[in-house]
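Since the structure comes first, as structure tokens, the remarks are kept for the end.
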Amino acid sequence: MIALTSRIRYYDFLRDVLVLALSTFGGPQAHLAHFHKVLVERKKYITDEELMEINSLCQILPGPTSTQTLTAVGFKIGGPNLAYLTLLVWILPAVVFMTAAAIFMSSIQTKHLSLDFTRFIQPIAVGFVSYGAYAITVKSISTKTGIALMITAAVVSYFVQTPFIFPFILLFAGLVTALKYKKQPKDEAEKKLVVPWSNFMLWLCVLIFAAVLGGTTKALPVKLFENFYRSGSLVFGGGQVLAPLLYTEFVDDRLSDEAESQSKASVLKTKLKTRYSPKPYHHPISHDEFLSGYAFVQALPGPLFSFAAYIGALSSRDYGIAGSLAGALMSSAGIFLPGTFLIFFVIRFWSSLKKYRAVRASLEGITAASAGLVSASAIILFQPLENTVLNFATTIVTFCLLAFTRLPPPFIIIGGLILGVIIK
């Protein structure tokens, strides 16, 4: 009976993950708001504190934060098997959509995609992020130190907009509250910390093996896997940070049509930059294809790292549809596996680690800083949008629907898409 109950719960959890994969727009911060709404408030798979602890851990590690967070939740509920299924269900829709977009671009030689119907998705995403910041602040921060750290984190992350600042903010905030460890009760079960290194060694061995195999065979699928695995092992901050790295590695040296209207000095500078940038692939993609794909992934639900599938499919287009599918598969595996291995490495000894009073005390600061990062991201995400009454109203209405009604997030997204079709 217990096993049957567990299987039913696992099925329910994976179904909820699929719903999240089809309805979460806007990047890691917006994803966290969705996770909180579904996993904590509605289904109670985990608590507020557990979700924030996991998310804070993932922000310190390289890789796709929201993917790592959701995968770690699956690990906490059902161990490695459920965690890998969670990863697959979460990334599959976005990877399929982006692979199809790449094949579509390649087949009809299109340079511009009309995404006007998604014009309300970005302000809706800001509304999700704003609600996430509000919910975290109200439920998780109750001390003056926490409030001060939240404000400090928000201000610093707003003015220093680089992903490498995130781990430092979280570690600094954790250190501040760790100094108050004496206020934490002693844990009689506190034992010597044992670190299982298997997943860390797995991450490292795959990194070395892929590099050696790619350099030896020169096979495009292997080189794609190696490139994305290396990128996924080094990038902090989500898909927005991954984009400039991929642009440097994959975009063709040819200037876009827009570059022709630049000054001669700007054109020369662009030529020099692209000519002497190493391009590891014989068939890189064009500037316009890259920008079209990046715009498309912003309009899709799920992880922004699925952009890797688009790049991989286009890089392999000369080998037909089968080659594009293989390129998308290898690129997706490469970008998502490193972060998964690393969070599995940390989560296995996290329960033992947080039995130490200093570690438990540090969680107050880390949670407060996380709330500050989400608050700042809401402002940062809204700034590129046009300052129109419609965008402001869309964000405010989204926030109110989430805060004061039980309307499921997918209905809000669908409503935004319908409005985008109706309002020209």
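Can you give the direction-averaged projected area of the convex hull of the alpha-carbon atoms in the range 299-361, in nm²? Write down the numbers at each step before the final one.
On the way: hull surface 25.0 nm².
Hull-based average projected area comes out at 6.3 nm².
Order of TRP90, TRP197 from fewest to most other C-beta atoms within 10 Å?
Working: TRP90 26, TRP197 11.
Least crowded to most crowded, the residues run TRP197, TRP90.
Expected output is a single nm value to one decimal: the length gained when fully extending between TRP197 and LYS43, i.e. 0.36 nm times separation in residues minus the C-alpha distance. What is it? Provide the component values of the computation, followed by the final result.
Numbers: separation 154, 0.36 × 154 = 55.44 nm, distance 3.29 nm.
Taking TRP197 through LYS43 to full extension adds about 52.1 nm, to one decimal.
Label points 7 Å out from Cα along the Cβ direction at LEU88 and LYS354: separation in nm?
2.8
Could you check how many percent of all C-alpha pairs in the range 18-172 are farther apart than 21 Å? Each step should come with its number before you reach the end.
Numbers: 6362 of 11935 pairs.
In whole percent, the share of Cα-Cα pairs in the range 18-172 beyond 21 Å is 53.
So what J values fall out for the range 53-68 if you push phi through Karplus, 6.51 cos²θ - 1.76 cosθ + 1.60 with θ = phi - 60°, rounded to Hz, Gly and Pro as x?
So the J values, rounded to whole Hz, are 4, 5, 4, 5, 4, 5, 5, 6, 8, x, x, x, 4, 5, 5, 4.
Given the peptides 200-207, 390-397, 28-35, 372-379, arrange them by the average over their residues of other C-beta atoms within 10 Å, most packed first.
On the way: 200-207: 15.5, 390-397: 17.1, 28-35: 27.2, 372-379: 24.8.
The densest-packed peptide leads the list: 28-35, 372-379, 390-397, 200-207.
Which order do ASP318, ASP16 fall in if you start with the one that has the fewest other Cβ atoms within 10 Å? Don't jump to the answer; show the numbers that get you there.
Details: ASP318 11, ASP16 18.
Ascending Cβ contact count within 10 Å gives the list ASP318, ASP16.
If packing is taken as the mean number of other Cβ atoms within 10 Å per residue, what is the order of 353-363, 149-159, 130-140, highest first?
Details: 353-363: 17.5, 149-159: 19.3, 130-140: 21.4.
Ranking, from highest mean packing down: 130-140, 149-159, 353-363.
Just so you know, all these numbers are worked out from the coordinates, no wet-lab data involved. These numbers come from a predicted model, not from an experiment. Virtual Cβ from ideal backbone geometry, glycine too; neighbours counted across all protein chains shown.
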